[in-house]
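The block underneath contains the structure these notes are about, expressed in C-alpha cells.
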Amino acid sequence: MLKNIKLHLDSDEDKQLLLDGELARHIAKTHKKNVYAFAQSMPSMMNVVTTEDKGYVSVFSNKQGDINLVDLGTGRTLYGLEPVKEVTRHLELFCQHPLYVDFSASEPQHLREDSDNDPPQILTELPVYQQKASAVPLPDSFDVMVVLGVGIGWHIETLLNDYDIKHLVIYEPEEAYFKNSVALCDWSHIFTLANQKGTGIYIQYGMDSRNLIEDMEELRQAVDVDGFYLYRHYNHPVFRSVESGLRQHCWSQLKQNGLPVNTEEKANQYLPAWSLPADILSYQSVTPENTLYQSNMAAFKAYFPDIYQEFKDYQPGTWLPVAERDNQQAVNIAKRDDLTTWYGQQAKEECRLSYQGFCEAPAKDGVVLGYAGTKLKHYHHYQLVQETEELLKAEESKLRLPEEIKSLIMFGLGAGYQLENLCENHTVGNLFICEPNRDFFYSSLFAIDW
C-alpha cells in the first residue's frame, strides 16, 4: 500500500541529501566492520560479502532517517514508512504465536480444510487461525530456529539478543537483500552474540528453503533435536508454500512426499514482499447482517443491479473481510491460507496516507535521490542512488490534485478507504474503478459507505 518511494522521501531535497550523506557514512563503516566479522566467523561467505554488485536493489534513507530498500526497476520499497518499528512488531507477533514443527508428531499440527465441502467463512473456524490461537509463546531457550528471509537483517540480531538458540538456520533466496544487509545490519554484533551464547549460524545464501527437509534431516544426524520453530520474515512464494506445507502435514509425511513448492501465484493470491504487521487474533469475521453492508447492497440494487446480483450471495474465496473486535468499522482483508492481511493494523490511516501522497503529486513518478557534491561520490551507495534516479526520472507536476476532477481512473480498490477520502474532498465528474479481485470489492461493502 505505502511502497511508492515518493511517499518515503523528504520533499526538501537539501534535507534528503543530508540524510543520504549520513547513510553513506553508515554503509562505509558498517560494511568494513562486517567484512572483518565474516572473515573471522564465516570465511566461506567472503566472496559474497565483498562484492560491490548489489543487484536490482538499492538502499535509501527515508525522511525520518530510517533505512529501507528499494527495487531499482519499480521504485517500490521493501518495508513501509517505519521499517524498524514494522520489523519489530512483526517479530513480536510471531513470538507470541509461533509455528513449531515437531519431528515426532504423527498428525499435522492442524487439519486441512476439507476440499469436498465449502471452505469455512468464519475466521475462527479456519484451521490456521486455530493453530495460531493455540500456539504457546516462544520459550526463552530452544534448539532450532529456521528463519525464512533476511531482508535488512534486524530481526536476526533481535532473535539472538532476546533468546538462547542452539542452531539458527537462515534462508535468503534474494541475493540482493543479503548483500545489502551486510552494509546495513550489524553482523559483527550478530556473530558476537552467537559466540557468547553458543549458537550455530547456518546461512543458506541464494536458497529459498525448498530443501528444508533435507537440511533438517542433515542437522538431526549431527545433533539431537526434537523439532524447530519457523519464522517467515517476508512473502516469498516458496516461503509461503513451505510454511503452508509444514502446517498441513506431519514431518513423516513430508519426508515421504516432499514439500509442496509454488514458485508462482495467481493474480488474486498476490502479496507484496512485505506485509505490515497486524494481529489477526484481534479481528473477527464480518457478517451479512452488518448494517453498512445492508445499506450498500440496497444502494447497488437501485443503481447497479448487476453488481447487486453478483454479490448478494457472494462467498469470498482467497481473501476474507475481517473487522477489529472492538471496532467493527476497522475492516481489513485477510488471506485465507495463512491469514496475512492486506493492510497493517491501521488500514484507514494507510489508505489516507496513500491518498494524500497522490493528492500532493498526482503526476509525480520520479524521485530525487542524487548527491550534488563530490566528496562521497566514490561510495557504492551513491552509484546506486544515481541508478535509482535515472530509472525513476519522469516528468513531474507541482500541482496538487484539483478539487474538481473531470475524469479519474482508480486501479485497485481494496477495502476502499481511499475512495472515501477522494469523494469527501473532491468532485469527480467521471470515476472509473478497476478492481479485478472480487474478494476485495466484497470487502469494501463492509468498509465504506457506498
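Only the coordinates and a few stated rules stand behind these numbers; no lab work does. The structure presented is a predicted model; accordingly, all values stated were derived computationally and were not measured. Note: ideal-geometry Cβ built from the backbone for every residue, glycine included; neighbour counts use all protein chains shown.
Return the FRET efficiency for the residue pair Val48, Asp313: r is the Cβ-Cβ distance, R0 is 41 Å, and the value is rounded to the nearest 0.05. Display every interim value, and only then the final one.
On the way: r = 54 Å, r/R0 = 1.33.
Once the sixth-power term is evaluated, E becomes 0.15.
Net charge dipole, the chain: roughly 840 debye, given to the nearest 20, about the Cα centre with Cβ charges of +1 for Lys and Arg and -1 for Asp and Glu. Working ranking of peptides 57-68, 281-292 by packing, defined as the average number of other Cβ atoms within 10 Å per residue, highest first, is 57-68, 281-292.
With an a/c value of 1.5 or above and a/b not larger than b/c for the gyration tensor axes a ≥ b ≥ c computed over the alpha-carbon atoms, the stretch 125-196 is described as oblate.
Where both residues lie in the chain, what percent of DSSP beta bridges are antiparallel, nearest 5? Expressed as a percentage, antiparallel bridges in the chain total about 45. Reported to the nearest whole Å, the Cα centre-to-centre distance from the stretch 159-233 to the stretch 35-87 is 17. By the count of other C-beta atoms within 10 Å, a proxy for reagent exposure, Ser252, Ser354 are ordered fewest to most as Ser252, Ser354. Helical runs (DSSP H, four residues minimum) scored at -39500 (n - 2.57) apiece and divided by the length of the chain put the mean residue ellipticity at 222 nm at -12500 deg cm²/dmol. Under the simplified labelling scheme, the Ala267-Ile409 pair shows an inter-label distance of 1.4 nm, with each label point 7 Å from Cα along Cα→Cβ. For the stretch 5-269, a crude dipole built from +1 on the beta carbon of Lys and Arg and -1 on the beta carbon of Asp and Glu, taken about the Cα centre, is about 520 debye to the nearest 20. The string of couplings for the stretch 30-36 from the Karplus curve (6.51, -1.76, 1.60, θ = phi - 60°) is 5, 4, 4, 5, 6, 4, 5 Hz, one whole number per residue in order, with x for Gly and Pro.
The HN-Hα couplings worked out from phi for the stretch 261-272 by the Karplus form 6.51 cos²θ - 1.76 cosθ + 1.60 (θ = phi - 60°) are 10, 10, 8, 9, 10, 5, 4, 6, 9, 4, 10, x Hz, whole numbers, x standing for Gly and Pro. Comparing Met46, Ile190, Val128 along the charge dipole axis of the chain, the residue lying farthest to the positive side is Met46, per the Cβ-charge model. Sort the chain into rounded, prolate or oblate with this rule: let a ≥ b ≥ c be the square roots of the eigenvalues of the Cα gyration tensor; rounded if a/c is under 1.5, and if a/c is not under 1.5, prolate when a/b is larger than b/c, oblate otherwise. Oblate, because a/c is 1.5 or more while a/b does not exceed b/c.
Which percentage, to the nearest 5, of the DSSP beta bridges contained in the stretch 5-269 is antiparallel?
The antiparallel proportion sits near 35 percent.
Between the amide H of Trp274 and those of Asn235, distances stay under 5 Å, these residues lying 5 or more places away or on another chain, with hydrogens modeled in the peptide plane. Ordering Pro137, Leu168, Met216 by Cα displacement along the dipole of the stretch 95-231 toward the positive end leaves Leu168 in first place; charges were set at the Cβ atoms of Lys, Arg (+1) and Asp, Glu (-1). Note on the chain: dipole from Cβ charges, positive end direction compared against Ser407, Phe228, Thr158; the farthest Cα belongs to Thr158.
For Leu99, the amide hydrogen comes within under 5 Å of the amide hydrogens of Leu230, counting only partners 5 or more places away or on other chains and with H modelled in the peptide plane.
Neighbour counts of C-beta atoms inside 10 Å place Asp53, Asp439, Asp164 in the sequence Asp53, Asp164, Asp439, starting with the fewest. Computed from the C-beta positions of Asn257 and Ala299, the FRET efficiency with R₀ = 56 Å rounds to 0.65.
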